[in-house]
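See below for the structure under consideration.
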Amino acid sequence: MAKEATKTPPRRKRARGRPRAEIVYYVVAVEDWDWSLWFGVSNMPEREGPYDDYRHLNLRGKLLRPSKLKCETVELHFLPDKRLNEGARERNQPLSVGHLNLRSGHMYGVVSMPADALPLLLTLATAEKLRYVVMQGERFRYGNASLKSFRVEMGIDEDDLPPDE
C-alpha cells in the first residue's frame, strides 16, 4: 500500500526589507540656543592627532510641523564634524545626517553638520537671526526617525512651510 503524497499549497514569498520610508518635514521654531566646547587629550587612537574637541550648537524650540505630532518641546544638538567639510566628504556613503527621538512629548535630536558651518550658525544665533530649522526625514517609528537633510532659516513664510500632514 503506497501512501499518497499530499500536496501542500506553495508558501507565499514574504517581502524583504523595510517598506519604502515616507518623507516627512519637521519644522522647528527656535526659541533659545547655547553653545558648548570641550577640549582635551584624545583617548581614541583612530582619531587624527593627539587632541579632541567637541563643539555643540544646541537649539531649543517648538515644533510647527507636523502639527499632529504630540510634542511640547524640541531640543536639537548639532555636532560639527571636519570629515563633513567640502573636500573631505566625497567618499562618504551616509544613510542619514542625524536622528530624532520622541519620548513623553519631548523631541530630542542629534544632527551632524560640516564643521566649517558652525561659525556661520553661531553668528546667526548671536544676532538672533537663526529662527527656524527645517528637517527632512522618515516618519517616526517606535519613537525614532532618521534625518536625510536639514536647513536653517532666518524667516519662513506660511507659503514656504511644507504641507501639514
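The values are calculated or read from the model by the stated rules, or taken from the named source; none is laboratory data. Since this is a predicted model, take the numbers as computed values, not measurements. Cβ atoms come from the backbone with ideal geometry, glycine included; neighbour counts cover every protein chain shown. The area values use the complete protein model at the heavy-atom level, side chains included, leaving out ligands, DNA and RNA. Shrake-Rupley method; radii C 1.70, N 1.55, O 1.52, S 1.80 Å.
Note on GLU31 and VAL110: their simple-model spin labels are 2.5 nm apart, each label 7 Å out from Cα toward Cβ.
Probing with 1.4 Å while keeping every protein chain in the model, the per residue accessible area of segment 96-148 equals 50 Å².
Pick out which of PRO119, PRO80, PRO45 has the largest mean-square fluctuation in a Gaussian network model of the chain, springs linking Cα atoms closer than 10 Å. Looking only at PRO119, PRO80, PRO45, the largest GNM fluctuation is found for PRO45. Over the chain, Cα pairs under 8 Å with separation of 6+ residues give a relative contact order of 23 percent.
DSSP loop (so not H, G, I, E, B), at most 16 other Cβ within 10 Å: list which GluC sites (Glu not before Pro) in segment 31-128 pass both filters.
Within segment 31-128, the qualifying GluC sites (Glu not before Pro) (loop, at most 16 other Cβ atoms within 10 Å) are GLU46, GLU48, GLU72, GLU86, GLU90, GLU128.
Split the accessible area of the chain by element, probe 1.4 Å, and carbon with sulfur accounts for 51%. Residues in segment 114-119 carry Karplus couplings, in order, of x, 5, 6, 8, 4, x Hz; the curve used is 6.51 cos²θ - 1.76 cosθ + 1.60 with θ = phi - 60°, and Gly or Pro positions show x.
Using heavy atoms of the protein chains and a probe of 1.4 Å, the accessible area assigned to VAL41 is about 100 Å². Think of the chain as having a plus end and a minus end, set by charges on the Cβ of Lys, Arg, Asp and Glu; of HIS106, ILE156, SER36, HIS106 sits farthest toward the positive end of this dipole. The relative contact order of segment 22-111 comes to 26 percent, based on Cα pairs under 8 Å that sit 6 or more residues apart. Using a cut-off of 23 Å between Cα atoms, the listed pairs LYS70/LYS129; LYS68/LYS148; LYS62/LYS129; LYS62/LYS148 include LYS70/LYS129 as exceeding that distance.
Would you list the P(r) distribution for the chain, with all Cα-Cα distances sorted into 10 Å bins from 0 and each bin expressed as a whole %? It works out to 9, 31, 30, 15, 6, 4, 3, 2, 1, 0, in whole percents. Counting only the backbone N, which residues of segment 23-46 are under 17 Å from the spot 7 Å out from the Cα of ASP160 toward its beta-carbon? Answer for this model: 25-31. The slack between SER67 and ASN85, meaning 0.36 nm per residue of separation minus the straight C-alpha distance, is 3.1 nm.
Each helix, a run of at least 4 DSSP H residues, gives -39500 (n - 2.57); summed and divided by the residues of the chain, these come to -1500 deg cm²/dmol at 222 nm.
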